[in-house]
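Nothing in this text is a laboratory measurement; each read-out follows from the coordinates by a stated rule. From a predicted model like this one, the values you see are computed outputs, not experimental measurements. Every residue, glycine among them, receives a Cβ derived from its backbone with ideal geometry; neighbour counts consider all protein chains shown.
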Amino acid sequence: MRFITALLTALLAATLVACSSSGPVARPSRIVYPELSAEQSSDIAFHALGLVGTPYRYGGNTPEGGFDCSGLIGYVYRARAGLVPPRTVAELGGFGTPVTAGELRTGDLVIFGSGRPFHAGIYVGEGRFVHAPSTGGEVRMDRLASTYWSRLAVDYRRP
């Protein structure tokens, strides 16, 4: 019995020493995603268009349960490109690479808000994007040039 007690004490001491080590701490690195092909970008846009009419639901991330804006983006990108984007709009603001309005292509993200982003959608071409707008609404397509959206600061991101 003394042997077992001594062994457990030694293991506990070794564990505590290892946990309190002042050596380098591994920090998660920024995830690097492969660039999407033109085909994947088109698939993303078509899939997003197919979800128009799905009910909005805060925190939602499936067609059956409804979508919020970041849940819609996550669902489409996982289904069509095998990518798992960040879950919040604030994190989506740093996802992928920034592109200019002139470089925008289908499948890119549109991120609204200066400073801390508050809304996001998927660009589907010809100045339009698909998004899950708000409580009581449903996934819909809007124009970036519309009165409401054109007044807001917008960033474009290419995963």
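Quick notes on this structure:
- The order of the peptides 87-94, 71-78, 58-65 by mean Cβ neighbours within 10 Å, most packed first, is 71-78, 87-94, 58-65.
- The overall shape of region 35-158, judged from the alpha-carbon gyration tensor, is rounded, with an a/c ratio under 1.5.
- Mean separation of Cα contacts under 8 Å (6+ apart) over length of region 74-159, as relative contact order %: 30
- Placing unit charges on the Cβ atoms only, positive for Lys and Arg and negative for Asp and Glu, gives region 38-93 a dipole magnitude near 80 debye about its Cα centre.
- Simple label model, 7 Å out from Cα along Cβ direction - residue 138 to residue 116, nm: 3.2
- Ranked list, fewest to most other Cβ atoms within 10 Å of each Cβ, for 118, 95: 118, 95
- Between residue 145 and residue 99, residue separation times 0.36 nm minus the direct Cα-Cα distance comes to 14.8 nm.
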